[in-house]
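Worksheet: the structure to be examined is printed underneath.
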Amino acid sequence: MEGPSIVIATEEFKPFLNTRTKTGPVKGQKLVRTRSWGKHFILEFEKTMLRIHFLMFGSYRIDNPRENRTPKMVLTFPKGTVYFYSCAIKEIETLENYDWSVDTMSPKWSTPKAVRTLKKLPNEMVCDVLMNQDIFAGVGNIIKNEVQFRQRLHPETKLDQLTDKQIKALVADTRAYCLLFYKWKKANVLKRNWQIMRKRKCPLCGGPVTKKHTGKLQRISHWCRRDQPLNRSLIRSPRPGKQTKHPRSRPRESPALTAAP
DNA sequence: CAAATTGTTTAGCT
DNA sequence: CAGCTAAACAATTT
């Protein structure tokens, strides 16, 4: 479960706020507030805070338990019962460790901060930084792949191959796509809007989608070799100082070149 | 239907 | 100690 889904969870818990659960490790306590930070779902009870991580396969159900599955936790509120499955539940003492400015779904998210962070990591690949929860908390493999495609970036592009403008666009679009993911998920049209994730053909050129483990994290990336070429920035917009005397790309409008005998 | 997958932590190595 | 890899965990989808 990625960040936007956790925000939706906080909303789905609103009916249970300020009421007590009759079951679970926090039996008898009132639910005071729910929060999300990246992929963390935080339930604040009167005396106890629970941090829930759904990892890859976790889920929750409200008033509709799964058959033949033992929930990890059940919370029974006056207005409904919530069942949690295959998730990691941890009691936490404080929120001090959370930096909300790196949470891609938070109102406190800071694009300039992420840009500054990326500029300090010239040797990191796009696919690795996008999944880094200290930089883009809440981004998972789906968001990673879709943002790479939207920005026409090869997953294995090293950050020092990007112009400042491209770094800025990457960060800003990651945030923008997280908000879109949220909106589309709520409207039940998320998968319909995937452009590259689990697709066989590139929606732009119709070419095959490459699927390969990429980066240090070795999670699968889905990308188009034609529309997300490696080192695109060097070809299309060389950085000052890296320009050679024999640029690879000719100016587009130059009648002399085609008119010559 | 075997394989992949919306993910992270930890142990154990070099 | 840093950096890495494999293992463990878990359940649905293709």
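Test A:GLY24 against the stated conditions and say whether it is farther than 19 Å from A:PRO107 by Cα, at pLDDT 95 or above, assigned to a loop (DSSP other than H, G, I, E, B) and more than 16 Å from DNA strand C (Cβ to nearest atom). Spelling it out, it is not the case that A:GLY24 is farther than 19 Å from A:PRO107 by Cα, at pLDDT 95 or above, assigned to a loop (DSSP other than H, G, I, E, B) and more than 16 Å from DNA strand C (Cβ to nearest atom).
Of the residues making up region A:34-48, those that are more than 24 Å from A:VAL139 (Cβ to Cβ) and in a strand (DSSP E or B) are A:GLU44, A:PHE45.
Each row is one residue, and each column tells you yes or no for (1) of a type in the set (A, V, I, L, M); (2) within 14 Å of DNA strand C (Cβ to nearest atom); (3) farther than 24 Å from A:ASP164 by Cβ; (4) in contact (Cβ under 8 Å) with a residue 40 or more places away in the chain.
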{"residue": "A:ARG175", "(1), (2), (3), (4)": "no, no, no, yes"}
{"residue": "A:CYS178", "(1), (2), (3), (4)": "no, no, no, yes"}
{"residue": "A:ASN188", "(1), (2), (3), (4)": "no, yes, yes, no"}
{"residue": "A:LYS191", "(1), (2), (3), (4)": "no, yes, yes, no"}
{"residue": "A:ILE196", "(1), (2), (3), (4)": "yes, no, yes, yes"}
{"residue": "A:LEU204", "(1), (2), (3), (4)": "yes, no, yes, no"}
{"residue": "A:VAL209", "(1), (2), (3), (4)": "yes, yes, yes, no"}
{"residue": "A:HIS213", "(1), (2), (3), (4)": "no, yes, yes, no"}
{"residue": "A:GLN228", "(1), (2), (3), (4)": "no, no, no, yes"}
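Can you spot a residue in region A:147-170 that is within 26 Å of A:HIS53 (Cα to Cα) and free of Cβ contacts under 8 Å to residues at least 60 places away in the same chain? Yes, that holds for at least one residue.
Of the residues making up region A:135-149, those that are outside any loop (DSSP other than H, G, I, E, B) and either of a type in the set (Asp, Glu) or surrounded by fewer than 23 Cβ atoms within 10 Å (Cβ to Cβ) (or both) number 3.
Name every residue in region A:135-145 that is within 18 Å of A:THR210 (Cβ to Cβ) and either of a type in the set (Phe, Trp, Tyr) or more than 16 Å from DNA strand C (Cβ to nearest atom) (or both), in order of residue number. Spell out the reasoning first.
Step one: filter region A:135-145 for residues within 18 Å of A:THR210 (Cβ to Cβ), giving A:141-142, A:144-145.
The one that is within 18 Å of A:THR210 (Cβ to Cβ) and either of a type in the set (Phe, Trp, Tyr) or more than 16 Å from DNA strand C (Cβ to nearest atom) (or both): A:LYS144.
Against the conditions (1) within 16 Å of the chain's Cα centre (by Cα); (2) within 14 Å of DNA strand B (Cβ to nearest atom), A:ALA169 satisfies every one except (2).
Can we say A:SER5 is within 16 Å of DNA strand B (Cβ to nearest atom) and touching a helix residue (DSSP H, G or I) at 6+ places or on another chain (Cβ under 7 Å)? First the steps, then the outcome.
Details: within 16 Å of DNA strand B (Cβ to nearest atom): yes; touching a helix residue (DSSP H, G or I) at 6+ places or on another chain (Cβ under 7 Å): yes.
So A:SER5 fits the description; yes.
Go through region A:155-196 and count every residue that is surrounded by 19 or more Cβ atoms within 10 Å (Cβ to Cβ), touching a Phe, Trp or Tyr at 6+ places or on another chain (Cβ under 8 Å) and part of a loop (DSSP other than H, G, I, E, B). The number of residues fulfilling the criteria is 2.
Looking only at residues of region A:84-112 that are surrounded by fewer than 20 Cβ atoms within 10 Å (Cβ to Cβ), more than 15 Å from DNA strand B (Cβ to nearest atom) and within 24 Å of A:PRO15 (Cα to Cα), we find that the one that is farthest from the chain's Cα centre (by Cα) is A:LEU95.
Keeping to region A:74-89, report how many residues are under 20 Å from A:PHE16 (Cβ atoms) and not in a loop (DSSP other than H, G, I, E, B). So the count comes out to 11.
Here's a check for you: in region A:113-134, which residue that is without any contact (Cβ under 8 Å) to a residue 12 or more places away in the chain and within 16 Å of DNA strand C (Cβ to nearest atom) is surrounded by the fewest Cβ atoms within 10 Å (Cβ to Cβ)?
Here is the first cut: in region A:113-134, the residues without any contact (Cβ under 8 Å) to a residue 12 or more places away in the chain are A:116, A:120, A:132.
Filter once more, so that each one left must be within 16 Å of DNA strand C (Cβ to nearest atom): A:120, A:132.
Values: A:LYS120: 8, A:ASN132: 17.
Filtering region A:113-134 for residues that are without any contact (Cβ under 8 Å) to a residue 12 or more places away in the chain and within 16 Å of DNA strand C (Cβ to nearest atom), the one surrounded by the fewest Cβ atoms within 10 Å (Cβ to Cβ) comes out as A:LYS120.
The combined condition, being in contact with a helix residue (DSSP H, G or I) (Cβ under 8 Å, 6 or more places away or on another chain) and part of a strand (DSSP E or B), is fulfilled by A:LEU31. Number of residues in region A:38-72 that are near DNA strand C (Cβ under 9 Å from one of its atoms) and of a type in the set (Phe, Trp, Tyr): the value is 1.
The values are calculated or read from the model by the stated rules, or taken from the named source; none is laboratory data. Fair warning: this is a prediction, and the values are worked out from it, not measured in the lab. Because the Cβ atoms are built from the backbone with ideal geometry, glycine has one as well, and the counts that use them run over all protein chains shown.
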